[in-house]
Amino acid sequence: MSRRRRAVGVERFEPAPLDAPLLEVEDLHTHFRTGRGVARAVDGVSFSLERGRTLGVVGESGSGKTVLARSIMGLLPKSNVERTGSIKFEGREVIGATPDDLRELWGSQISMVFQDPMTSLNPVMKIGKQITEMLLQHLDISKDYARELALSLLESVGIPEADRRLKEYPHQMSGGMRQRIMIAIAIACGPKLLFADEPTTALDVTVQAQILDLLQAQQRERFMAMILVTHDLGVVAGRTDEIAVMYAGRVVEKAPTKVLFSELRHPYTEALLRSIPKLGAPSHTRLAAIGGRPPDIVNPPAGCKFSPRCPYARERCLEEEPPLIDTATPGHEFRCWIPVGTPENREALEANRAAGAPSALAVVGEGNGMGTAAAPSAPTPHTRSGSIDTKGGA
Amino acid sequence: MAGHGTAHLRPADEVLLRVESLVVEFPVGRTGLTVHAVSDVSIDVKPGETLGLVGESGCGKSTTGRAVMQLVRPKGGSVTFDGHDLTQLKGEELRETRPKLQMIFQDPISSLNPRRRIRDIVREGLDIWKIGDDAARNAKVTEVLETVGIDPEAAGPRRPHEFSGGQCQRISIARAVATEPKLIICDEPVSALDVSVQAQILNLLQEMKQRYGLTLIFIAHDLAVVKNVSDRVAVMYLGKICEVSGPDELYAQPAHPYTAALLLAIPVPDPTVRPAERSGVGGEIPSPVAPPSGCRFRTRCLKATDRCAQEEPEIREVRPDHFVACHFPMEPGETLAAPAPTAGNGSHPDI
Amino acid sequence: MRMILLKLLRLVVVLLVVSFLTFWFGKLIGGNNDLVAKMIPFSSEQEKDRVREQLGLDKPFFTQYGSWLTNFARGDFGELYTGTGKNVTSVPVSEIVAKRLPVSLELMLSAQLLALAVAVPLGVFSAYKANSKFDRGANMTMFGLLALPPFVVALVLAIYLGAQWQWLPTQSDLPNFPLNPLENWRYLLMPTISLALAQMAIYMRLLRSDMIATLQEDFITTAKAKGIPPHRVLFRHALRPSSLTLLTVAGLNVGALIGGAVVIERIFKVPGIGGQLAASILSGQFIQTQSIVLLIAVFYVVLNFAVDILYSVLDPRIRHARAIA
Amino acid sequence: MPEQSPDSGEEIVRTLVADEQRHDLPADEPSLLIAAVEAGPEIAHNRRRRKGLGIGAWLAIIWISLLLFSAIFQPLLVSTGVIPDPEAQELPEISGTGEALVVAQPPSLGHLMGLNPRGEDILSLVIEGSRRSLVIGFVSVFLGFMVGGFLGLLAGYFKGRTGGFIGSLLDILLAFPQLILALFVVEVLGHTVTNVTFALAIVSTPVLARIARASSLSWSEREFVVAARAQGAKHRRVLWREVLPNTLPAMLSIALLGVAVVIVAEAGLALLGAGVAPDLVTWGNIIQTGVPELKDSPHIVLAPSIVIFLTVLALNYLGDVVRARFDVREAAL
């Protein structure tokens, strides 16, 4: 019955010119209406993604990275959510598309791998059904053929005894297996774009490596574009073409992967990199912690959203939000008035240190990073944290 | 790995805690099957030392921590703390050891009672043990809260859900140090936290250790984190100890193939380091209900031979203060070299 | 399997204790020791003595219990004694049960079906449209129904549909189902509705909140992200995991249904087992009371056991947790 | 414990049944979940403060207060002449054939709920009856709450033998359909207010115990309970300070529903002629006396029925409010 409708849909989405970017996101805002006010989970994000390329989206919790992925897919609940801006997939606008149109895209053109493979597979449906269901929905094929396809898919994601696995339920498998199944489902209809939302966070390191390898291999083989959302800079470092660092719903720095690590300009990116314990560093190396805590997206601080935690913050940062600034390197943008690696930056740090601002001390590793910790009801950390920090350091 | 033995233990009079041949088993529902969560694990900690206990999920590291606390009663082995074998203590006697032995949990929010106020939560231990009078207890609470960077005035009367994860973890730390314990077992204290907050907590733990003269057992799955905080690291796999050594030595020259594989698998935040062309280990951790014979790591080990299936390796010293439970330990400089795998074959453990 | 056997063992123990309590309480009814006098108060003394002897009331308590229980297990539920003077006669309780039980079962089954038939689609749709006007309206209506005791519904129906407008029969005999299904249905309509409304409200609200919770689950997002149409997401992916609690509660609620049926049968004079039980307790027919109560308890306990087993069949997670780790 | 054995099937069933307690998700839940996940606990908790009690809750409170007020001050109301004294009503003259000369009257301004065939003012009867019905409702649930709550708390916390034993005890009580058990007990003990209260307390005990057990079970697995044990707290302290405060809201909300159920059960028993002796006025007995007059004077049945309906509605609503106010974070986190 729905097969006919499907055919119509397929016609409607005739292939776009190959030179256009696969995905273009322009000034995307996703706002949630909550009891406390509007939560600006995604607040003016723009980027574009070419076919077959990989974009890493990095951020901590509250940065809006997961909401960004779901906004682009249009997978957010309808009520209490406002999504504005423009999302073009193969040149066609996705915002405002009808549910039917979206369903044509989902699965067949754009698909998604989620964080927790345990909860993202239906616990009471057999694996086989969960895969063939997708195939039957999008492809005009028979059930038997769908089953064969499912079999070969399972084999291609490295699942042994695929035949038996098709008849099993998700809980009968290990975490890694389940994530392989999720990947098999995601790639089943040969999508052009794959979202991987923290695909390995719930997995062990050894399995994480396997899954990341698998994703990369499948992506190359099928020439898929991929958006890899994660909180772990290590995960994106070796496996992406470009990285966008998000903070408080905004992209604060975006650059080709190698450039980001070597020429980073934003203090948050710097702080994030510095606060991770390094395997190469000797044990008991003091970590450069970022003071304070991730921002409150309902009542974000004025000015630059990172300013309350930033060691280089000056008056201007607290008042005026910096725009995205281009650098000499193509594709490298950042959002900061006093970028890392400039003389102003060093001056600001000196000045802040002289004034005894705690977060400045924290990043250079002399303070204890307790910054705003004592303030359960957020803001004005600059004034508040100082006194507490002296107590803490005593 | 999958080793047993106690070669790595130091003289009993030098250590604060000595766990010998610890065994913990759980029944699987009422099926009659048994989960072998911890099988013959021995560890020790010197006063003032931090022992890192690292391994992937299901390796029994958390259970070991809880068994040391006697929150899970072990099936076998001994846990000697401060001269007492805790496994032999019961009821009141065991309870008496509590203030000296504390624990910090993984989930900062769920480890604080949502219906109680911060001040009462931190005071709990003092109240239970009737340490000091009311004023002294209040003073202590104020002191520890301040030390962990929580404003006692503002935070004291509030309830846990008004705090972020990092702040809750600070409160947990305050609670743990309030009774001035000798040993704190930290069970994945930072794995639920954001990276930026994680560093704060790790630094705080170091400070607390110095300030209160603590000894720590630090349980975590993140090798980099463990390396950062530990004086000695024990790697666990499927209920057994694989390797014990100082952190710098262990990470520079892992002797156990499993440790080597773990180190290879960690993603490094550096784009110039290509992710290992192959991970040193395939497959996933087997079920602790039916662990493999001999060395428990053999099903995933690149170096495994028939001997590994038949004979369980015993822990031995391969280099000074570097102990490993493996028949074929890695030599310094040796890497896990093996045929490059094709996409997705990682799940075939039978190499 | 082991699990099921253990449960079965527990079930038998529970039933044994239940049967003992039933027997004991049955004998205590009326508060005096002369049970027969309460049972057939207007019969002559000789008749009473005859019945006493027949019942073996002089034997030790446990002997009586033992023979009652063995008889019960064989399907012999004892005799119902009636009459005055010398005209005391008896009818086997099993005959009465055989006649009346099907009526009660039909009533409860149709109430349960009606409740589910309304509650399931309404619950699913309400959850899908959570917070819409429809959902709020439906939820509020159900909340109101929840507060309507079955007997109030019954009385209101009896007042209007029955007495004042005379649309439906109230005080006639129950027409035989196979012979006259329509009349039978008309007759049972009011009792069925009275019993069903409150259940309906419980089921709907339960399913709705479970569905809303399920619809938040990641696997629903996965299903949507696969491009599955909404009706399929709702009924194929969300309904089954959401209906597990409903199933259990529907099983447990049979208890409430039985209790409700006792009152409803009495109001509408339905010749079911519930009305019989109430009458028999009130008139001191202890033998009949003991047997019917135990019968109901066995039915109820076994039903819940079956639900428990069915539950694990519906949820593969539990099925396998039982089979192996 | 992360590495402990999976729950037995039974436990899963029990916990899931306990999900009845899960309050219905309020208005902005779906989006909020995502927002809460992204933004940490702040959002979730702050919405709780935003919510006042709401008009529904106030109406419910007003209704219950009105009932309690009129029940408590019934003698005062009678002595001031606000309502006629049910004890000293001018009984209608009885004709020679024994038929009442006064027939039932429908509601009017003078008698808001009308008169019954004996010429008694039904409003005054309902108020008189509320004294008994409310006592039966609240006292029996209170008893059930104390006993059942305690047993359930223990059963959920001590999962082993103690839990199993209490569980079997409850299973036995639950094997009898509630109304039948109540009927049984009242018949055995006699038809006094005390005995009916006691019977209904027995009936509500296992129900409340089961809720308490499920709630206690899920809270006992939380890490803060382990943390308290690790601090050296004795079982008593853990139960009292850690588990009980958390199970209380769920139990309280179920107890409110329980009062409603008991009030209905009292009326049900009365309708069967098995409740409080008919010469004592209760809501159930008023309805019972009206049943024969259904056709001509439906108001005799309807008036107390509406009062029961409103009371049950109010109690249910308050139960929901309690649940919603205390469980918000549970649902959002």
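Here are the numbers for this structure:
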{"read-out": "Residues B:Asp248 and B:Asn138, FRET efficiency given R0 of 45 Å [Cβ-Cβ distance, rounded to 0.05]", "value": "0.55"}
{"read-out": "Span from the segment A:96-154 Cα centroid across to the segment A:160-222 one, whole angstrom", "value": "13"}
{"read-out": "Förster-model FRET efficiency, 45 Å R0, C:Ile4 and B:Glu96, C-beta, rounded to 0.05", "value": "0.50"}
{"read-out": "Per chain B, cysteines lacking a partner by the 4.7 Å Cβ criterion", "value": "B:Cys59, B:Cys168, B:Cys186, B:Cys242, B:Cys301, B:Cys326"}
{"read-out": "Global form of the protein assembly as shown, assessed from the alpha-carbon gyration tensor, a/c cut-off 1.5", "value": "prolate"}
{"read-out": "Spin-label model distance (nm) - B:Ser78 vs B:Thr335, 7 Å beyond Cα toward Cβ", "value": "4.6"}
{"read-out": "Peptide-level mean, for B:200-208, of C-beta atoms on other protein chains within 10 Å", "value": "5"}
{"read-out": "When each of A:Lys192/C:Lys226; C:Lys99/C:Lys269; B:Lys240/D:Lys159; A:Lys65/A:Lys305; A:Lys278/B:Lys240; A:Lys254/C:Lys224 is checked by Cα-Cα distance, pairs over 21 Å", "value": "B:Lys240/D:Lys159; A:Lys278/B:Lys240; A:Lys254/C:Lys224"}
{"read-out": "Long-range HN-HN contacts of A:Thr54 with modeled amide H, under 5 Å", "value": "A:Met226, A:Asp241, A:Glu242"}
{"read-out": "For segment A:235-252 and segment D:229-258, distance of Cα centres in Å", "value": "45"}
{"read-out": "Euclidean distance of C-alpha centroids, segment C:31-67 and segment C:126-167, integer Å", "value": "48"}
{"read-out": "Residues A:Thr201, B:Thr63, A:Thr269, C:Thr63 arranged by fewest to most Cβ contacts within 10 Å", "value": "C:Thr63, A:Thr201, A:Thr269, B:Thr63"}
{"read-out": "Shielding score for B:63-73, defined as the mean number of other chain Cβ atoms within 10 Å", "value": "2"}
{"read-out": "Under DSSP loop assignment and at most 15 Cβ neighbours within 10 Å, longest GluC sites (Glu not before Pro)-free interval of chain A", "value": "A:162-319"}
{"read-out": "Other-chain or far-sequence residues with amide H under 5 Å of B:Glu49's (modelled H)", "value": "B:Leu216"}
{"read-out": "Using alpha-carbon coordinates, inclination of helix C:133-146 to the longest axis of chain C, degrees", "value": "10"}
{"read-out": "Overall form of chain C per C-alpha gyration tensor (a/c, 1.5; a/b vs b/c)", "value": "oblate"}
{"read-out": "For chain A: rounded, prolate or oblate by the Cα gyration tensor [a/c cutoff 1.5]", "value": "prolate"}
{"read-out": "Built amide H within the under 5 Å cut-off of A:Val252, gap 5+", "value": "A:Val245, A:Met246, A:Tyr247"}
{"read-out": "Net charge of Cβ neighbours under 10 Å - reference D:Arg237; Lys, Arg +1; Asp, Glu -1", "value": "+1"}
{"read-out": "Charge dipole of the protein assembly as shown about the Cα centre (unit charges at C-beta), most positive-ward option of B:Ile315, B:Ile201, C:Gly259", "value": "C:Gly259"}
{"read-out": "For segment D:283-290, Karplus couplings with θ = phi - 60° (6.51, -1.76, 1.60), whole Hz, Gly/Pro x", "value": "4, x, 5, 4, 4, 4, 5, x"}
{"read-out": "Residue order, fewest to most surrounding Cβ atoms within 10 angstrom, among D:Thr80, B:Thr299, B:Thr80, A:Thr84", "value": "D:Thr80, A:Thr84, B:Thr80, B:Thr299"}
{"read-out": "Per-residue [θ]222 nm for chain B (sum of -39500 (n - 2.57) over DSSP H runs n ≥ 4, rounded to 500)", "value": "-8500 deg cm²/dmol"}
{"read-out": "Relative contact order of chain B, pairs being alpha-carbon contacts under 8 Å that are 6 or more residues apart, as %", "value": "24"}
{"read-out": "Contact order relative to length of segment C:181-290, as percent, for alpha carbon pairs under 8 angstrom and 6 or more apart", "value": "24"}
{"read-out": "Exposure proxy order (Cβ contacts within 10 Å, fewest to most) of D:Tyr317, A:Tyr169", "value": "A:Tyr169, D:Tyr317"}
{"read-out": "FRET efficiency, A:Glu221 to A:His284 (Cβ-Cβ, R0 56 Å, nearest 0.05)", "value": "0.80"}
{"read-out": "Residue-averaged beta-carbon neighbours from other chains (10 angstrom radius) around D:264-270", "value": "4"}
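Laboratory data are not the source of any read-out in this text; all were calculated from the coordinates shown. A quick note: this is a predicted structure, and the numbers were derived from the prediction, not measured. Every residue, glycine among them, receives a Cβ derived from its backbone with ideal geometry; neighbour counts consider all protein chains shown.
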